[in-house]
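Each remark here refers to the structure printed beneath this line.
The numbers here are math on the coordinates, done by the rules we state, and not lab data. All values reported here derive from a predicted model rather than from experimental measurement. Positions of Cβ are backbone-derived with ideal geometry, glycine not excepted, and every protein chain shown enters the neighbour counts.
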Number of protein chains: 2
Amino acid sequence: MGQFMDVHTNMPGVTAEALLEAHRADVAIQGEENVDFQKAWGDPKTGHVFCLSEAPDADAVQRIHERAGHPYDEIHEITVTA
Amino acid sequence: MGQFMDVHTNMPGVTAEALLEAHRADVAIQGEENVDFQKAWGDPKTGHVFCLSEAPDADAVQRIHERAGHPYDEIHEITVTA
């Protein structure tokens, strides 16, 4: 298992309700890929959303995000924190 | 006060020690701009580091990061979370 920060770059105008709905759509199926979405942060002005998760690998994160209708644009495996 | 996610895109090979040192350099002077750096996540392979903070504005975050020697490449004001 690793920790991942994935980034969506094209969600301008995302509302609190839309982000919560998207997050819940992930959480509803995340167990099928052994993914644990921990937090999502969004900036409606730039259209960026950052999702922090624990997962077996980046592809597992993407499979859940794709099935929920919002694939990430990039992902980074977090191996150092402060 | 707002919440911000800033992104550094050119820190390949960043070690846990280097990230902690960078974070401590921010924290040592953050009070002068009323910034509170809460967490940093790094991916040494892609060279990306994400910093979550509370601050009066994006410029205040940048002034601290610049004085500490690591200006951000982009920043997003977080107004929605899940």
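Got a number for residues in the stretch B:1-10 being in a strand (DSSP E or B) and under 13 Å from the mean Cα position of the chain (by Cα)? Going through the stretch B:1-10 one residue at a time, the tally reaches 6. Selection of the stretch A:26-80 for residues being of a type in the set (Gly, Ala, Ser), part of a strand (DSSP E or B) and either within 11 Å of chain B (Cβ to nearest Cβ) or at positive phi (or both) yields A:Ala40, A:Gly42. Screening A:Met5 with (1) crowded, with 22+ Cβ neighbours inside 10 Å; (2) out of contact with any His (no Cβ under 8 Å at 6 or more places or on another chain); (3) aliphatic (A, V, I, L, M) gives one miss only, at (2). Within the stretch B:11-25, the set of residues being under 13 Å from the mean Cα position of the chain (by Cα) and more than 9 Å from chain A (Cβ to nearest Cβ) comprises B:Met11, B:Ala25. Among residues of the stretch B:48-63 that are farther than 13 Å from B:Asp26 by Cβ, those with a beta-carbon under 7 Å from a residue that is aromatic (Phe, Trp, Tyr) and part of a strand (DSSP E or B) at least six positions away or on a different chain give the pairs B:Phe50/A:Phe50; B:Phe50/B:Trp41; B:Ala58/B:Phe4.
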